[in-house]
Structures are given as structure tokens and as C-alpha cells.
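Peer 1: Structure below; questions to follow.
Read-outs throughout are calculated quantities, based only on the coordinates presented, and are distinct from any laboratory measurement. Since this is a predicted model, take the numbers as computed values, not measurements. For neighbour counting, all protein chains shown are included, and Cβ atoms are generated from backbone atoms with ideal geometry for every residue, glycine included.
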Amino acid sequence: PTLFRSKCGFEECKELGDFDVIICSEVFEHVTDYRMLVELIKNQLKIGGFLSISTPSGWMFRTLRLSNVKHLLLNPRKYFRTKIKPEHNWEEALKIHPAIQPRKLINMLKSKGFKLLSRQSSLWLMSEKGICFRTLKFFETIDPIKPAIYLHHYCNFVEALMNICPFFRIFESRFILLMQKME
């Protein structure tokens, strides 16, 4: 993140030339100036090159979940500023790893000359406070192997649903984009 606070950015990489592929995995939500990051990626990527970018999905804060309702009721202003509209309050939202809506990031990248090739949804986050995790921990006391198998099948099933039917993206915690630089 400190790399992007200065104006130098990827200047050190210029001597290496442009890249065919840039992977930005779980970095976007940690960078102070995400617009500068996108610009730097655009400038370092060859035309026809590929960008793989993954970041938290804004869906997880827009669905009716007990933890969301709790945080909304405790501090509605902060909830809207940091979780619903983080791109307008990025500095404040950085403390909680802001989750940008996939369409907003896709549109931003398209405006910079990128074409969307693929979007995948993922369920990478399972909170230790969540009911699924606690239920699995309980069953682990009965049989230490079966809960891990069930968790694996559950996650694969939900991820498959999210990628087959966009409606199920309400369960998405992360999204992964494959973009190609066209101009």
C-alpha cells in the first residue's frame, strides 16, 4: 500500500518493459488510491495483455444478514459510508477492507480500455462467529473428518450456484475478474 501513496508507483518496473499478464490478487482493497492503481496497471500492461484481479465483493454488505443489520443499526451513517458506498469514502473504508461492487470495478476497468473476459464468484470467507462454522465445530466433536468433507461440499455447491445463476451472488464474498487490455 505505501507504494501507491507516492507518485512513483511502478516507475521501478518501467525498465523491465510492459507486461503480458498482471495479477492483482487481494490487493485492491488495501491500496489508498485505487484509481492510481488502475492507471498504473493500465500503463504497465501491453495491449492484448491480461489482468487478473480479485477483491472482496460489495454484495456481502448489501444482503440481509444478522451481522449487517446489527452494524447498520449501531451506526447507519458509518455503515453506508464504508460498506455501501466505499468508493466515495475510500480512506475511511480502508480500515475495514472495502468491498467494491463488481459492476463498479468492471465499469472502471472498461473505461480504461479493458474488456471483461470472465467473472467468477467465490465464497472464501467463513466467519468463526457464523452459524455454519459453529455447527461444523459441534459436529467435529462427534466425528473429526466428516465436517471438513461437508464444508468442502457446501462451499463447492454454493460457488457453483453463484457462477451458474447470478441471483446466488448474494452469497459472494469475493469476485475474480479476467480482463484484457484492448487499447
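Peer 1: For K181, go through the lysines and keep the ones whose alpha-carbon is under 30 Å away, minus same-chain ones fewer than eight residues off.
Peer 2: Excluding near neighbours in sequence, the set is K7, K14, K42, K46, K83, K85, K104, K110, K112, K115.
Peer 1: Can you give the net charge of the other residues whose Cβ lies under 11 Å from the Cβ of N163, counting K and R as +1 and D and E as -1?
Peer 2: Net local charge, N163 excluded: 0.
Peer 1: Straight-line reach only, C-alpha to C-alpha below 22 angstrom: list the lysines that K146 could link to, leaving out same-chain residues fewer than 8 apart.
Peer 2: K129, K137
Peer 1: Right, here's the next one. In vacuum, with every alpha carbon of the stretch 90-183 counted as one equal point scatterer, what does the Debye formula give for log10 I(q)/I(0) at q = 0.11, 0.16, 0.22 Å⁻¹? Two decimals, please.
Peer 2: Cα-only, vacuum Debye calculation for the stretch 90-183: -0.47, -0.82, -1.13.
Peer 1: Now, a different point. In a solvent-free Debye calculation with one equal scatterer on each Cα, what is log10 I(q)/I(0) for the stretch 129-183 at q = 0.17, 0.28, 0.29, 0.30 Å⁻¹, listed in the order of the q values?
Peer 2: The computed values of log10 I(q)/I(0) come out as -0.68, -1.07, -1.10, -1.12.
Peer 1: Would you mind calculating the gained length between H153 and T141 on full extension (0.36 nm times residue separation, minus the Cα-Cα distance), in nm to one decimal?
Peer 2: Fully extending the segment from H153 to T141 adds 2.4 nm.
Peer 1: Would you mind counting up the charge near G49? Only other residues with Cβ under 9 Å from its Cβ, with Lys and Arg at +1 and Asp and Glu at -1.
Peer 2: Neighbour charge sum, excluding G49 itself: 0.
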